[in-house]
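Engineer: For reference, the structure I am asking about is given below.
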Amino acid sequence: MVKLDETLSLFQDLIQEMARKVRSMHCLAMQIMESGDKEKALQLIQLDEFVNRYEEEINDRAQDVLALLSPVATDLRIVIAGIKTASDLERIADYAKNIARYVIKNGPVAPCIRPIAQQIGESFLAMFDHTIEAYQARDVKKAFQIPEEDEVINRLLEEVHAILKEALKNQKIDDSIIPTVGLLRNLERAGDHTKNICEHLIYQEKGQHIDFD
Amino acid sequence: MENCFEIENLNLYYGEKQALKNLNLSIRKNCVTALIGPSGCGKSTFLRCLNRMNDLIEGCRIEGKIMIQGVDIYDPKTNVVDLRTKVGMVFQRPNPFPMSIFENVAYGPRCQGIKDRRILKEIVENSLKQAALYEEVHDRLHESAMGLSGGQQQRLCIARAIAMEPEVILMDEPTSALDPIATSKIEELIEELKKSYSIIIVTHSMQQASRVSDDTAFFLLGEIVEMDTTRMIFNQPKDKRTEDYITGRFG
Ligand SMILES: Nc1ncnc2c1ncn2[C@@H]1O[C@H](COP(=O)(O)OP(=O)(O)O)[C@@H](O)[C@H]1O
Ligand SMILES: [Mg+2]
């Protein structure tokens with residue numbers, strides 16, 4: 001059925017497009033964390049609106065496919081997984097927006113943790129890219145491996161804790177930098193939602209529910 | 001759960017041509033079993049085996065066993081008339097007899113020797129009620145059945161089958177000549193009837209199969225590729241050919 005194939009392929013393209021927008025928001029968030037550029041932070045907050053509209057569009061398309069083309073089996077799961085993936089992408093975008101908000105309020109992250117903050121950001125982006133590649137290629141094996149990358153982010157966050165403790169003890173900084181941990185938590189959460197997308201992909205292809213937490 | 005049919009090593013030939021190939025399956029009692037597959041794959045042929053309608057076709061030869069209540073219906077001792085009482089059939093095109101609504105339903109019981117007018121009336125009313133037709137025709141039971149709409153005629157044919165107190169009702173694409181509303185009435189009726197009867201339905205509509213049936217068998221070139229609960233067939237078919245067929249990518 002050419003029509004169903006075409007429509008599903010357009011549906012998945014839309015999700016890819018949304019993922020690219022979300023990715024660009026996180027790239028911008030990383031720059032802002034370092035530069036403290038409030039103009040750019042405001043721009044980022046506006047981008048979030050844009051991403052929300054993508055999610056609505058994806059839901060509308062999903063409804064069309066269900067109402068008009070009656071998909072079953074894997075086809076049906078592509079639609080269900082797509083709706084869930086769009087919802088996780090929307091949340092991931094929110095975390096970029098939170099970073100922008102933080103920077104507007106508190107300025108850039110403290111210099112002593114900038115390098116590791118960048119490392120966390122890059123780890124997240126790599127994991128996100130691998131997830132979207134897996135989604136594109138419908139690669140279940142890859143989807144199973146990606147959660148390991150999340151471990152890296154978690155370990156880096158523990159390191160941040162250690163660095164901060166050390167800095168406070170040596171009174172190199174005051175405790176106003178404590179919220180930085182909260183800032184970086186946004187990337188941890190974004191990582192969790194990225195893992196969810198891997199779960200949706202496995203469900204889509206295998207019909208199995210996996211829980212990576 | 002009990003089975004109404006057990007089929008073992010069933011082969012069927014029309015002359016030289018083999019139309020059914022080594023079928024082995026069980027059909028559950030008080031369930032709706034849908035038979036799906038492309039045209040010419042043997043669905044109607046298989047359905048006709050279940051009440052020996054193929055006996056009437058010249059050159060048709062059957063091997064294997066079809067057991068109903070522990071008895072092989074192809075055993076020489078089986079009484080075919082009794083069998084067709086037990087296993088009723090509804091066809092693609094409604095085929096009421098050119099007589100009154102009442103006589104259409106009373107016809108079978110009359111042939112079985114029931115003469116008492118009061119008992120016949122009871123059977124007719126009951127059958128029409130079970131076929132969800134009584135409300136619509138109770139004030140014109142003695143008018144010709146040919147004046148009914150297509151959907152009503154088909155429900156009349158179901159009532160006619162019910163009047164014989166069957167175990168099983170076979171339906172060969174019973175809604176393919178009906179509009180969506182008449183179709184949905186028949187589908188609702190099927191849901192109701194399965195409480196009392198086992199139903200085997202051939203349908204070319206995937207959605208109908210998924211809506212009305214508990215089990216589904218997918219036929220291809222005279223073989224059963226896959227048979228499972230309808231839920232499994234439409235969610236996670238095991239065979240690639242089944243998935244291709246139900247998703248409309250076949251061929
Ligand atoms: N009376 C018959 N004589 C010879 N061949 C037949 C007869 N009825 C059906 N066939 C052949 O048997 C095969 C199965 O037909 P049928 O059971 O009608 O398929 P379906 O109901 O799945 O469309 C087809 O190839 C058909 O041509
Ligand atoms: Mg047929």
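Engineer: In the range A:67-79, what residues are surrounded by fewer than 16 Cβ atoms within 10 Å (Cβ to Cβ) and at pLDDT 95 or above?
Structural biologist: Residues satisfying the conditions do not exist here.
Engineer: Among the residues that make up the range B:87-100, is at least one of them in a helix (DSSP H, G or I), within 24 Å of B:TYR197 (Cα to Cα), more than 16 Å from ligand 1 (Cβ to nearest atom) and out of contact with any Phe, Trp or Tyr (no Cβ under 7 Å at 6 or more places or on another chain)?
Structural biologist: Checked against the condition, which is being in a helix (DSSP H, G or I), within 24 Å of B:TYR197 (Cα to Cα), more than 16 Å from ligand 1 (Cβ to nearest atom) and out of contact with any Phe, Trp or Tyr (no Cβ under 7 Å at 6 or more places or on another chain), the range B:87-100 yields no hits at all.
Engineer: A further question follows. State which residue is nearest to B:ILE200 (Cα to Cα) when the search covers only the range B:225-251 and only residues that are in contact with a helix residue (DSSP H, G or I) (Cβ under 9 Å, 6 or more places away or on another chain) and β-branched (Val, Ile, Thr).
Structural biologist: Looking at the filtered set, the residue picked out is B:THR230.
Engineer: A follow-up question, please. Could you say which residue among A:ILE120, A:ILE99, A:ILE113, A:ILE83 is under 20 Å from A:PHE11 (Cα atoms) and out of contact with any strand residue (DSSP E or B) (no Cβ under 7 Å at 6 or more places or on another chain)?
Structural biologist: A:ILE83
Engineer: Conditions: (1) in contact with a Ser or Thr (Cβ under 7 Å, 6 or more places away or on another chain); (2) farther than 21 Å from A:PHE128 by Cα; (3) aliphatic (A, V, I, L, M). A:ILE92 meets all but one. Number of the miss?
Structural biologist: With (1) in contact with a Ser or Thr (Cβ under 7 Å, 6 or more places away or on another chain); (2) farther than 21 Å from A:PHE128 by Cα; (3) aliphatic (A, V, I, L, M) applied to A:ILE92, the lone miss is (2).
Engineer: Sticking with this structure for a sec: Taking helices (runs of 4 or more DSSP H) that fall entirely within the range B:153-251, which contain at least 2 residues that are acidic (Asp, Glu), more than 14 Å from every other protein chain (Cβ to nearest Cβ) and surrounded by fewer than 20 Cβ atoms within 10 Å (Cβ to Cβ)?
Structural biologist: Helices (runs of 4 or more DSSP H) meeting the threshold: B:180-193.
Engineer: Conditions first: (1) within 16 Å of ligand 1 (Cβ to nearest atom); (2) on the phi > 0 side of the Ramachandran plot. B:LEU170 passes all but one, so which condition is the exception?
Structural biologist: With (1) within 16 Å of ligand 1 (Cβ to nearest atom); (2) on the phi > 0 side of the Ramachandran plot applied to B:LEU170, the lone miss is (2).
Engineer: Right, next: Do we have A:TYR135 as aromatic (Phe, Trp, Tyr), farther than 23 Å from A:LYS38 by Cβ and within 14 Å of chain B (Cβ to nearest Cβ) here?
Structural biologist: no
Engineer: For the subset of the range B:11-34 comprising residues that are out of contact with any helix residue (DSSP H, G or I) (no Cβ under 7 Å at 6 or more places or on another chain) and either small (Gly, Ala, Ser) or within 14 Å of chain A (Cβ to nearest Cβ) (or both), which member is farthest from ligand 1 (Cβ to nearest atom)?
Structural biologist: Step by step, filter the range B:11-34, then rank; the result is B:SER26.
Engineer: Exactly one condition in (1) away from chain B (no Cβ under 14 Å); (2) farther than 24 Å from A:LEU156 by Cα is false for A:GLN119; which is it?
Structural biologist: (2)
Engineer: Another question about this same structure. Can you pull out the residues in the range B:38-68 that are within 12 Å of ligand 2 (Cβ to nearest atom) and surrounded by fewer than 17 Cβ atoms within 10 Å (Cβ to Cβ)?
Structural biologist: B:PRO38, B:SER39, B:GLY40
Engineer: Residues in the range B:35-58 that are β-branched (Val, Ile, Thr), within 8 Å of ligand 1 (Cβ to nearest atom) and under 17 Å from B:ILE224 (Cα atoms): how many?
Structural biologist: So the answer is 1.
Engineer: Still on this model: Between A:LYS97, A:LYS141, which is within 17 Å of the chain's Cα centre (by Cα) and of a type in the set (Lys, Arg)?
Structural biologist: A:LYS97
The values are calculated or read from the model by the stated rules, or taken from the named source; none is laboratory data. None of these values were measured; they are calculated from a predicted model. When we count neighbours, we look across all protein chains shown, and the Cβ atoms used for this are built from the backbone with ideal geometry, even at glycine.
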